[in-house]
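Working notes, structure below.
Please treat every number below as a calculation from the coordinates, not as lab data. Quick caveat: nothing in here was measured; it's all calculated off a predicted structure. Here Cβ is always computed from backbone atoms with ideal geometry, including for glycine, and neighbour counts include all displayed protein chains.
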Amino acid sequence: MKKVMATAAALTMLVGGYLTFTTVDSETAQAVAAKQTYQAKIYVAGMGGHFAEANVTIDPNNGRQPIALNGMLGMVTIGTGKTHPTHDARIDVNDRNVMFWSTYRPDGDGNLHVGKTDLTTGKVLIDVALPPDQRATWTGANYCGSGQSSDYFMPVYMGDEGYIDVFAKRDLAHKHRVFFDDLGYKPGEYTFAHGTNTPDMKHFLLTLNLTPEGHTKFTGNNQLILLEMKALEQGKIKKVAEATITGKPRDASGGTITFRQYFTQDGKYLFQSGGDRGYIIDARTLKVVQVATPLPGEAHDFMPTPDGKYGIFAVRNKVFSAADEGDVTDGSLALYDVQAKKMVGEVTSVCLACHKMMGKSGSAILCGIDANWQ
């Protein structure tokens, strides 16, 4: 179900920790007028059982607020926060009016959900409930990343131990469950599996946070594993390439934890979120070619513009700390300039600003994003 949450005009009145004004700096605009602007409808996954639907203009010429909300911020509902908290937005390559999704936590009956929604109406077309696998001994996090082929939707399970599920897109029949035994990774030696498909859908990129000293003991080292898609569709796992990328071990100040990712449309680069940083990775060699840091919050997704010149981070950023609420986290979008190797301007809130208007207190948590570019 689709709802209207707030107007962009009202949102831009929230300044400081939330939003800053979106007026283009005239001097900045004149200096970099050649930079292209982009229009997109971005779907932002939320723990409240819905997706924020944000029509945005992305203007790198605006050095203060490069991502501006246009018109009304909508909401695509798949359930409630108790039944359908979600991290996973994945628009169908065959029909851009359909979005697949999976849920992050079990509902009251202990089931996870996998479904698809008509984006033109907001109607949930199919909702399949299933329990976490019996081999999962830690279920603090469940589905988050996902990939697809022409005929299959493939959400990745984050728990211990992790796996890739294979669902038929047509009716969401559960076809296969693929564990990582044949890749040589044992339960507890990695944490938070994620993944996505290459644009040509010939391969599936799996990422694992390496935790050899025990589950959730993040070392900052992460494994990238390229799998053959045809084998995965048949419930088999076949490794094509593999590489390790390094970061900062997690401590009280944070650290490097890989979450969701996107390939550029030409398939040449992978934009990988990493908690305290973002990676731009050569898709052929799996070598890091650029690291985006520092970031304005913890990055949980990193999506390139269609030409790959910019990246949109989905970040969780602390906006204030109140005695009655403790630390409050907002879900925001932030723009990264690949050529300049730096962030552009301020973040744009897509979560907490609306929650405040609706009278809700506490943090507003986002994760994955997907977009239809215009």
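Relative contact order, whole percent, for the stretch 121-201 stands at 27, derived from Cα pairs under 8 Å and 6 or more residues apart. Relative to the current alpha-carbon distance between Trp138 and Gln265, full extension at 0.36 nm per residue lengthens the span by 42.2 nm. Of the residues Ala252, Ala283, Ala173, the one that moves most in a GNM of the chain with alpha-carbon contacts below 10 Å is Ala252.
Looking at the stretch 279-374, the trypsin sites (Lys or Arg not before Pro) that sit in a DSSP loop and have at most 14 other Cβ atoms within 10 Å of their own Cβ are Arg284, Lys287, Lys341, Lys360. Only Lys, Arg, Asp and Glu carry charge here, each on its Cβ (+1 for the first two, -1 for the last two); on that basis the stretch 186-259 has a dipole of about 100 debye about its Cα centre. Under the criterion of Cα pairs below 8 Å and six or more residues apart, the relative contact order for the chain equals 14 percent.
Charge dipole of the chain (Cα centre as origin; +1 on each Lys and Arg Cβ, -1 on each Asp and Glu Cβ, all else neutral): 320 debye, rounded to the nearest 20.
Global size of the stretch 2-373: 19.4, 60 Å for Rg and Dmax (C-alpha atoms, Rg to one decimal, Dmax whole). Evaluated with a Cβ-only charge set (Lys, Arg +1; Asp, Glu -1), the stretch 168-317 carries a dipole of roughly 240 debye about its Cα centre, given to the nearest 20.
Loop-only check: which chymotrypsin sites (Phe, Trp or Tyr not before Pro) in the stretch 229-326 are DSSP coil with at most 14 other Cβ within 10 angstrom?
When the chymotrypsin sites (Phe, Trp or Tyr not before Pro) of the stretch 229-326 are filtered for loop state and at most 14 Cβ neighbours within 10 Å, nothing remains.
The trypsin sites (Lys or Arg not before Pro) of the stretch 43-92 that DSSP puts in a loop, and whose beta carbon has at most 12 other beta carbons within 10 Å, are Lys82.
For the residues Gly122, Gly274, Gly108, a GNM of the chain with alpha-carbon springs under 10 Å puts the largest fluctuation on Gly108.
3J(HN,Hα) along the stretch 109-125, derived from phi through the Karplus expression 6.51 cos²θ - 1.76 cosθ + 1.60 where θ = phi - 60°, amounts to 8, x, 9, 8, 10, 10, x, 9, 10, 7, 6, 6, 10, x, 7, 6, 7 Hz, with x in place of Gly and Pro.
Name the longest site-free stretch of the chain, where the excluded sites are GluC sites (Glu not before Pro) in a DSSP loop with no more than 12 other beta-carbon atoms within 10 Å.
Formally, the longest exposed-site-free interval is 1-212.
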